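Everything below concerns the one structure shown next.
The values are calculated or read from the model by the stated rules, or taken from the named source; none is laboratory data. Since this is a predicted model, take the numbers as computed values, not measurements. We place every Cβ from the backbone using ideal geometry, glycine too, and count neighbours over all the protein chains shown.
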Amino acid sequence: MRRAVSNLTRFCGGSGFITPGRAPRTATVVMSVSRLSSTSSGRLDVSGIYPPIATPFNMDESIAFDKLTENMQKWNKIPFGGYVVQGSNGEYVYQTAEERIKVVEHVVKAAAPGKVILAGSGCESTRDTIEMTNRMADVGADGALVVTPSYYKGGMHNRALISHFTKVADDSKIPILLYSVPGNTGIDLDPEVIIVLSCHPNIIGLKDSGGDIAKLAHLVISTQSNDFQIMAGSAGFLLPAYLIGCVGGVCGAANMLGQELCDLEQLYKQGKLKEATNLQQRIVAPNACVTKRFGVPGLKVAMEWFGYYGGPVRSPLQPITSEQEEIMRTVFKLSGFIH
């Protein structure tokens, strides 16, 4: 492992990034569209708030594309930085490859101009991930969110993960972000791995759902010279993430509390930390309901309260019980988001 890291690290900050056995890369992937903003180094700018879109299903569990259009029309009125499609909240693991592509294509077409589209393209094999990433690029995704492969968790040591993400980035038509979601995969990306991968010209950032603020602060400091963009993976720690240098958040709660999360972002940017803190505190409990406590089934119920289509989940996920819904409703009421 040390040898593998050393072989890669010695190219950080140099003219290129070399994977052992592969040709060196010396330039960042050039953005193919001018409609989106870029960072100072020319990388795709992914700052801001992003809802990881919940995939709407009909009662027969087919994808409800008409309802997705309706939800998009409402989300487009909120000052999001963009959208994450086919992330964990999108139930991508229960969809076919063709369904995943079609949902991304639909969101690309329905999104307001200037919104960044990040597509969840992760698969268990490196080969399939590369193919999925490029197919999503072909239908208009601006960047890809690549989750850690985890089925053979015991074999996903640092060397394997460095190899996987590097090969995907080498062959991807669009920039990629690492996606660490230990609650689902059981794998928390090692900081050393992330720092090494941040040197790759086509790996532009990280979405971290682990919530370890000390780890995120270390990563922000250690990767800032690489123009590496780190995003909070939950609304529960969004303000702390901003305070230590993260650029935005991919927050499940943004499916229904999108304007409030954008307000929190603006309060932080305006230096109104007392107001931002108060809003962050109000968001914590409702966010927990639609993530750790009741998951996607709870999130879809909450969406209905705010005028969005949530609809059913796809099997084997089950809807929440009436008792659980009442618990959620009480939490949202006490936090002042519903009456």
Practice problem: Would you be able to say whether some residue in the range 74-86 is part of a helix (DSSP H, G or I), of a type in the set (A, V, I, L, M, F, W, C), modelled with pLDDT of 95 or more and over 15 Å from the mean Cα position of the chain (by Cα)? | Solution: yes
Self-check item: Number of the condition not met by residue 276 [criteria: (1) among the hydrophobic types (A, V, I, L, M, F, W, C); (2) surrounded by fewer than 22 Cβ atoms within 10 Å (Cβ to Cβ); (3) without any contact (Cβ under 8 Å) to a residue 40 or more places away in the chain]
Solution: (2)
Quiz item: Restricting the range 126-142 to residues that are of a type in the set (Gly, Ala, Ser) and in contact with a helix residue (DSSP H, G or I) (Cβ under 9 Å, 6 or more places away or on another chain), which is surrounded by the most Cβ atoms within 10 Å (Cβ to Cβ)?
Solution: 141
Quiz prompt | Residues of the range 289-316 satisfying the condition of being exposed (fewer than 15 other Cβ atoms within 10 Å of the Cβ), on the phi < 0 side of the Ramachandran plot and not basic (Lys, Arg) | solution = 304, 315, 316
Quiz item: Picking from 307, 252, 258, 271, which residue would you name as being assigned to a loop (DSSP other than H, G, I, E, B) and within 18 Å of the chain's Cα centre (by Cα)?
Solution: 252
Practice problem: Pull up the range 36-50, narrow it to residues that are modelled with pLDDT of 90 or more and either of a type in the set (Val, Ile, Thr) or out of contact with any strand residue (DSSP E or B) (no Cβ under 6 Å at 6 or more places or on another chain) (or both), then point me to the one that is farthest from residue 264 (Cα to Cα). | Solution: 46
Quiz item: Counting only residues that are among the hydroxyl-bearing types (Ser, Thr, Tyr) and outside any loop (DSSP other than H, G, I, E, B), which one in the range 317-332 is surrounded by the fewest Cβ atoms within 10 Å (Cβ to Cβ)?
Solution: 322
Quiz item: On the given criteria, is residue 89 touching a strand residue (DSSP E or B) at 6+ places or on another chain (Cβ under 8 Å) and either part of a helix (DSSP H, G or I) or at pLDDT below 95 (or both)?
Solution: yes
Quiz item: Any idea which of 119, 169 is crowded, with 24+ Cβ neighbours inside 10 Å, touching a His at 6+ places or on another chain (Cβ under 6 Å) and in contact (Cβ under 8 Å) with a residue 24 or more places away in the chain?
Solution: 169
Quiz prompt | Count - residues of the range 122-133 that are without any contact (Cβ under 8 Å) to a residue 40 or more places away in the chain and under 30 Å from residue 37 (Cβ atoms) | solution = 4
Quiz item: Does residue 298 qualify as being assigned to a loop (DSSP other than H, G, I, E, B) and either at pLDDT below 95 or among the small types (Gly, Ala, Ser) (or both)?
Solution: no
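This table checks each residue for (1) in contact with an Asp or Glu (Cβ under 9 Å, 6 or more places away or on another chain); (2) among the hydrophobic types (A, V, I, L, M, F, W, C); (3) closer than 19 Å to residue 38 by Cβ.
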site	(1), (2), (3)
153	no, no, no
162	no, yes, no
173	yes, no, yes
176	no, yes, yes
187	no, yes, no
195	no, yes, no
200	yes, no, yes
206	no, yes, yes
Self-check item: Matching entry among 29, 33 (being surrounded by fewer than 14 Cβ atoms within 10 Å (Cβ to Cβ), part of a loop (DSSP other than H, G, I, E, B) and either more than 20 Å from the chain's Cα centre (by Cα) or at pLDDT 95 or above (or both))
Solution: 33
Exercise. Could you please tell me which pairs satisfy a Cβ distance under 7 Å, a separation of 6+ or placement on different chains, a first residue in the range 96-112 that is in a helix (DSSP H, G or I), and a second residue that is among the charged types (D, E, K, R) and modelled with pLDDT of 95 or more?
Key: 101/135
Quiz item: Got at least one residue in the range 318-327 being of a type in the set (Ser, Thr, Tyr) and more than 26 Å from residue 63 (Cβ to Cβ)?
Solution: yes
Quiz item: If we scan the range 56-74, do we find a residue that is touching a residue at least 40 places away in the same chain (Cβ under 8 Å), closer than 26 Å to residue 268 by Cβ and not basic (Lys, Arg)?
Solution: no
Practice problem: Return the only residue of 240, 286 being assigned to a helix (DSSP H, G or I), of a type outside the set (D, E, K, R) and crowded, with 24+ Cβ neighbours inside 10 Å. | Solution: 286
